[in-house]
Amino acid sequence: MSRFNQPLGGNDMPRFGGPATMMRLPAAETAAGLDVAFIGVPMDHGTSNRSGTRLGPRQIRDESRMLRPFNMATGAAPFEHLQVADIGDVPVNTFDLKKTVDIITAHYRGVLAQGAKPLTLGGDHTLTWPILRAMNEKHGPVALIHIDAHADINETMFGETVAHGCPFRRAWEDGCLINDKVFQIGLRGTGYSPDDFDWARGQGWTVVQAEECWGKSLVGLMEQVRAKIGDAPVYITYDIDSLDPAFAPGTGTVEVGGLTTWQALEIIRGCAGLNIVGGDLVEVSPPYDMTGNTALIGANLLYEMLCVMPGVPQKPSRWSGLAF
Ligand code: MN
Ligand code: MN
């Protein structure tokens, strides 16, 4: 019997029953005593096109019901090594985006003070800036692995500085990032000018556009990412729209020609060994997710982040040994 919280198993309660928490883990009031806390941020008032991400945390929790505790590919067994629970949602102000970002920073300041590492169920991408502000207070500037179709470095959107297309510009202004350890992967689509991506390059960030990734394994990319980040604290922010809409149509700002689900797994599994201090999965919009697949993929990617948190050993599966 493990001393750690365990997800409710499918042989103890049917998977369509039981608690609607992330992975059917116990719910907790606070992050006290936790190594990792799953947290929802139900917001979509930072979106610029199709909304609906306010419903993301609940849908990701629901679609996480099939997740079993052991990772068959990497050998990770996170619930043997970490105390994990679902601490519910941040009580955002759904009528005021600027108040909401301050509410988020204060909430994460509390979680970090209790010693837990947050894994966040979004919510639109605005939420990463206030989380990075709290991270900066605790750790100083962090390395960033940002997977997205979009750079999210706009100076303003519709004249506003707080929006889901601006979080990394704001985090940069606030000194939250280690500029030579920022990686943006999967960027693509139409823009206003080359500067949409080149601004980041000008700050020393590494931008890996989606076209560079097409048809390739990303294992080699992640080797280089790990080498450049070293032992710096690193935050992972995963926008589900980095995936091709063939895989993940349930999101608000769709771009053609994206990453595959297996490339997403390679990216997150390639973070093993890094000093990960937190992560998020954002932009799942259930009203556009007719099959639930987008939320289901989001739930899986959050589980994969849990599997690479510090303290979880990796024992990769035995492959066939066949050359093909
Ligand atoms: Mn984004
Ligand atoms: Mn995006």
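The values are calculated or read from the model by the stated rules, or taken from the named source; none is laboratory data. This one's a predicted model, so the numbers in the text were calculated from it and none came from an experiment. When we count neighbours, we look across all protein chains shown, and the Cβ atoms used for this are built from the backbone with ideal geometry, even at glycine. To get the accessible areas, we keep the full protein, side chains included, count just its heavy atoms, and leave off ligands, DNA and RNA. Shrake-Rupley method; radii C 1.70, N 1.55, O 1.52, S 1.80 Å.
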(message) Given the options 320, 146, 235, identify the residue whose Cα lies farthest towards the positive end of the charge dipole of the chain (+1 on Cβ of Lys, Arg; -1 on Cβ of Asp, Glu).
(response) 320
(message) Let me check I've understood the local charge: for residue 28, count other residues with C-beta under 13 angstrom from its C-beta, Lys and Arg +1, Asp and Glu -1. What total comes out?
(response) -4
(request) Grab the DSSP H runs of the chain that are 4 residues or longer, score each as -39,500 (n - 2.57), total them, divide by all residues and round the 222 nm result to the nearest 500 deg cm²/dmol. (result) -8500 deg cm²/dmol
(request) Determine the sum of side-chain charges near residue 183: Lys and Arg each +1, Asp and Glu each -1, restricted to other residues whose C-beta is under 15 angstrom from that of residue 183. (result) -3
(request) With +1 on each Lys and Arg Cβ and -1 on each Asp and Glu Cβ, and nothing else charged, work out how big the dipole of the range 126-197 is about its Cα centre, in Debye to the nearest 20. (result) 240
(request) With unit charges on the beta carbon (Lys/Arg positive, Asp/Glu negative), name the residue among 192, 19, 60 whose Cα is farthest towards the positive pole of the charge dipole of the chain. (result) 19
(message) Run the simple label-point estimate for residue 155 and residue 246 please: 7 Å along Cα→C-beta, distance reported in nm.
(response) 3.9
(message) Rolling a 1.4 angstrom probe over the protein chains, ignoring ligands and nucleic acids, what is the accessible area of residue 312 in square angstrom, nearest 10?
(response) 10
(request) For 64, 317, write out the residues from largest to smallest accessible area, computed with a 1.4 angstrom probe and no ligands counted. (result) 317, 64
(request) Once you've got the GNM for the chain with C-alpha springs shorter than 10 Å, pick whichever of 190, 30, 206 has the biggest mean-square fluctuation. (result) 190
(message) With a cap of 12 neighbouring Cβ atoms within 10 Å, and only residues DSSP puts in a loop, list the chymotrypsin sites (Phe, Trp or Tyr not before Pro) found in the range 159-221.
(response) 192
(request) Once you've got the GNM for the chain with C-alpha springs shorter than 10 Å, pick whichever of 70, 79, 38 has the biggest mean-square fluctuation. (result) 70
(request) Pull out a ≥ b ≥ c, the square roots of the eigenvalues of the alpha-carbon gyration tensor of the range 28-307, then state rounded if a/c is under 1.5, prolate if not and a/b is larger than b/c, and oblate in the remaining case. (result) rounded
(request) Could you check what % of the DSSP bridge pairs in the chain are antiparallel, to the nearest 5? (result) 5
(request) Please sort by residue number the trypsin sites (Lys or Arg not before Pro) in the range 228-324 whose DSSP state is loop and whose Cβ has at most 14 other Cβ atoms within 10 Å. (result) 318
(message) Please list 63, 29, 173 from largest to smallest accessible area, probe radius 1.4 Å, with all protein chains kept in place.
(response) 29, 173, 63
(message) Please list, ordered by chain and number, the residues whose modelled amide H lies under 5 Å from the amide H of residue 89; skip anything fewer than 5 residues away on the same chain.
(response) 40
(message) Students often get this wrong, so check it: of 99/216; 98/181; 117/181; 99/138, which have C-alpha atoms separated by over 31 Å?
(response) 99/216
